[in-house]
1. Per residue of A:202-211, how many C-beta atoms from partner chains lie within 10 Å of its own C-beta, taken as a mean?
2. Where does each of A:Lys686, A:Lys582, A:Lys707 land when they are ranked from fewest to most other beta-carbon atoms within 10 angstrom?
3. Projecting each Cα onto the charge dipole of segment A:164-353 (Lys/Arg +1, Asp/Glu -1 at the beta carbon, about the Cα centre), which of A:Ile267, A:Ile337, A:Ser325 comes out farthest on the positive side?
4. Could you tell me, in Å, what Rg and Dmax come out for the Cα atoms of segment A:19-80?
5. Which value in Å does the Kirkwood hydrodynamic radius of segment A:488-619 take, with 1/r averaged over all unlike C-alpha pairs and then inverted?
6. Taking H as built 1.01 Å from N, whose amide H comes closer than 5 Å to the amide H of B:Val71, not counting residues under 5 places away?
7. If each DSSP helix of 4+ residues adds -39,500 (n - 2.57) and the sum is divided by the residues in chain A, what number results at 222 nm, nearest 500 deg cm²/dmol?
8. Per-residue mean of other chain beta-carbon atoms within 10 angstrom of the beta-carbon, peptide A:66-72?
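Here, each number is a calculation from the coordinates, and none is a lab measurement. All values derive from a computational prediction rather than experimental measurement. Note: ideal-geometry Cβ built from the backbone for every residue, glycine included; neighbour counts use all protein chains shown.
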Amino acid sequence: MAKLPETLDALTEQFGPHLNYAMPEGPAEKLVKTHCCFCGQQCGIQLKVRDNRVIGFEPWEEFPFNRGMLCPKGVKRYMQDSHPDRLLEPLMRTADGFRKATWEEGLDFTARRLRELQEKYGRDAVAVYGGASLTTEKAYLLGKFARVALGTRHIDYNGRLCMVSAGTAYKGALGVDRAPNPWSDIPKAEVLFAIGANIGECAPITTDYVWRARDNGAKLIVADPRFTPIARNTDLYLPVRPGTDLALLMAMLHVIVRDGLTDADFIAAHTTGFEKTAESVAPWTPQRAAAVTGVPPDAIERAAHLIGESRRVMIMHARGLEHQSKGVENCEAVVAIALATGNIGREGAGCVMITGQGNGQGGREHGQKCDQLPGQRSITDPAARAHVASVWGISPDEIPGPGYSAVEIMNAIHTGEIKGLLSICFNPLVSLPDAGFTREALERLEFFGVIDFFLSETAMHADVVLAGSLQEEEEGVTANVEARVIHIQKAVDPPGHARADSAIICDLAERLGRGRYFRFREPREIFEELREASRGGLADYYGITYERIDAEKGVFWPCPSLDHPGTPRLFEEGRFFHEDGKAHFMKLAWRESGDPVDEQFPIYLTTGRVVSQYLSGAQTRRIGALVDQYPEPKVELHPKLAEKHGIRNGDRLTVTTRRSSVTLEAMVVRTVRPDTVFIPYHWPGKRSANLLTHRTIDPRSKIPEFKVSACRLEKAGGAA
Amino acid sequence: MINFDFVDRRETIATAAFVCWHCDEPTCAQVCPADAIKKYEDGIVGSSLKPRCIACSNCVLACPFGIPKLVAPAEQMMKCDMCYDRTSVGKRPMCATVCPSQALAYVTPEAIAQTRREKPVNTFQFGSQTITTKVFMMAPAGVESISIDVADYTWEGENEAVPQAF
């Protein structure tokens with residue numbers, strides 16, 4: 001059913017990606033103060049608008065987080081507006097391609113097919129995919145739509161590929177899922193430890209905070225299989241082998257405990273479970289960890305001492321730690337080091353996850369995660385269900401239980417358990433692991449509906465595509481990497497017959513016979529309900545209003561009342577969010593990756609981003625200047641590894657894993673471990689790094705293990 | 001109007017971004033046969049003046065920093081003019097405003113010397129040519145000037161002192 005309706009070439013010819021280079025000219029009518037859509041930093045930016053079109057940008061120097069600074073994605077973000085590939089009306093699949101349709105047709109068909117499948121196979125036979133680039137209002141609305149309008153338990157989102165390992169670890173250890181410190185703490189640290197975080201490319205604005213800390217005399221430690229841009233200005237570089245961060249962290253904690261560098265008073269007063277954690281790291285001597293991680297024992301000792309001897313340490317971590325089948329343990333180990341040394345809850349002291357997606361923080365707080373209700377509440381907690389049901393005007397029994405996570409939903413589509421899918425803001429064909437499997441699954445769907453503004457590679461498989469809105473076409477809020485809730489302003493109307501995402505979702509609810517629960521005329525009304533729904537929860541937004549955000553340049557949650565100042569820093573004076581008020585150490589246990597290297601596949605493959613592209617590239621692969629900066633994915637490998645395989649810079653190189661093979665250009669550099677290759681993942685089709693990755697997920701966070709696969713290399717024929 | 005590249009991608013991830021250095025005695029203007037390149041009162045060296053530029057590329061070849069570029073569609077040399085449209089109304093140039101690492105910063109040398117570990121320098125040695133500029137480069141503390149000619153770093157005998165700037 002959901003095979004491509006035309007050849008890929010024909011679809012690409014019609015729907016792109018085409019490169020937009022057009023530079024609109026002339027003066028702006030107005031400047032709209034809003035935020036960049038391309039990553040969790042959510043930099044303040046002013047969009048130039050004329051004739052209901054975004055024609056450029058001006059830096060917004062008064063916004064405190066980025067003070068006018070932007071990365072190349074921010075500078076060029078306006079080029080996604082007025083793009084020739086924009087979908088201007090709904091599309092319906094026919095025997096020979098997509099045809100334009102009216103909204104009546106598109107919405108009627110979508111609602112009818114979803115209901116038919118639910119009547120035939122049961123409510124849980126349809127699933128909903130959301131995304132962490134949606135505003136918080138849209139994310140909240142989508143969670144309510146799945147549970148109230150469709151009544152399915154299966155809703156999850158692409159944030160499942162982002163920071164859920166850190167979220168799970170922080171919730172378990174500290175009682176809440178949030179980066180505990182505002183970024184203004186970074187320049188005040190004495191020691192910064194960046195592990196699994198390519199800050200220069202994936203969180204570019206944060207580089208300025210790191211450099212300011214350096215200028216204030218801070219020591220910088222970087223652990224990464226690659227010599228990332230911030231690593232070249234580091235005091236200590238730890239070239240950790242992919243998938244072995246836990247061994248490194250356990251050995252560091254081992255040294256901290258062995259050498260008496262812990263903060264015993266803090267541990268006694270504010271934590272539980274330290275002894276069992278200390279016991280679990282006892283066997284992890286630096287020598288043992290060195291053999292596993294490939295980091296010299298004396299470097300591990302030095303890192304542990306730099307951290308253990310300071311009481312102003314900030315540990316910064318991102319996908320490198322999280323994208324592993326032990327991603328949660330990795331983050332628990334980071335938290336354990338922060339707790340053991342008392343480096344938490346103070347100015348310049350804490351551990352922080354660097355969220356990657358646009359609304360990576362806000363998009364996960366209010367109900368599009370399969371196991372949560374608004375306010376970061378557990379969907380299995382009877383009190384949480386009762387509160388949310390009362391706000392929604394339904395009985396608690398009507399709220400379904402926890403559903404499948406993003407990868408599990410795709411698995412269930414593959415097995416035939418799930419027959420229908422409605423997806424918004426998600427391009428799983430590019431972003432999920434094992435893309436060959438994802439394609440097979442999509443082709444098995446009996447109905448696939450998509451809401452999107454471009455025809456992504458995934459949307460090409462849809463039965464109906466509803467033309468939705470860009471971030472700047474609908475008002476709302478997001479929460480940035482610091483959990484600062486900020487205001488996304490509507491700059492322009494959706495072009496042509498495209499419509500606001502929230503209006504599309506409300507209209508679908510109406511057609512599903514549940515319209516009385518979705519009488520929202522504008523995003524502000526959704527936000528007002530969200531405030532109530534989150535009230536009393538961990539992510540309490542009750543005291544936040546659009547007006548307060550504008551006046552205060554963002555408000556940090558939790559903010560339980562209108563006169564509450566918001567909470568830039570969590571855990572001050574050692575007060576944690578568990579009922580006992582304490583932080584809980586977690587027992588740490590080593591285990592191997594889900595795709596281990598062996599004689600047949602002896603090389604590590606790791607994947608990640610480049611500075612000029614964002615996630616699956618659905619938006620950024622359409623912007624000419626960003627594509628020119630890094631046009632095609634390349635395989636980074638060390639000269640030693642290249643020599644062993646007779647490969648020179650620029651040669652074609654075939655990378656093979658237990659799933660598939662990909663042939664790309666070799667990029668021979670000394671900035672990657674000699675036992676590891678790196679491929680950025682932003683591209684589709686034959687250039688997709690995710691053809692190679694595997695579907696092993698962390699058993700608790702359900703995050704895929706993108707950062708470590710086993711592969712082999714062969715020089716390919718043909719010219720570069 | 002910015003030259004940006006990796007220094008040597010095989011060996012390092014290090015990059016370099018250069019705006020025009022706005023020389024006190026601009027070589028580009030000195031070699032221009034059409035007198036199309038002006039240094040303004042505030043020390044900023046402008047792009048070529050469109051009515052005068054003959055697109056000969058003399059400036060492109062002569063600039064010791066490799067900054068000017070011949071822009072073919074415009075048939076004119078264009079380069080960084082320190083965002084005259086912005087700086088003339090009190091704003092910072094675009095590059096220094098958006099630079100996410102503040103490797104490019106629009107501040108006085110005195111002010112930046114207070115906040116950074118490195119030291120601002122604006123004297124450059126190209127063989128026998130000494131150039132002073134309005135734009136400063138941040139160099140390791142203790143360095144007075146920066147040599148760009150490789151020959152200045154090479155060892156040619158026991159009696160020659162080798163200035164190792166980096």
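1. Rounded to a whole number, the mean comes out at 3.
2. Numbers: A:Lys686 11, A:Lys582 19, A:Lys707 27.
Arranged by neighbour count, lowest to highest, A:Lys686, A:Lys582, A:Lys707 become A:Lys686, A:Lys582, A:Lys707.
3. A:Ser325
4. 11.3, 33
5. Values: mean 1/r = 0.0491 Å⁻¹.
Taking every pair of different Cα atoms in segment A:488-619, averaging 1/r and inverting gives 20.4 Å.
6. B:Gln76, B:Met77, B:Met78
7. For chain A, the value works out to -8000 deg cm²/dmol.
8. The mean count of partner-chain Cβ atoms within 10 Å per residue comes to 4.
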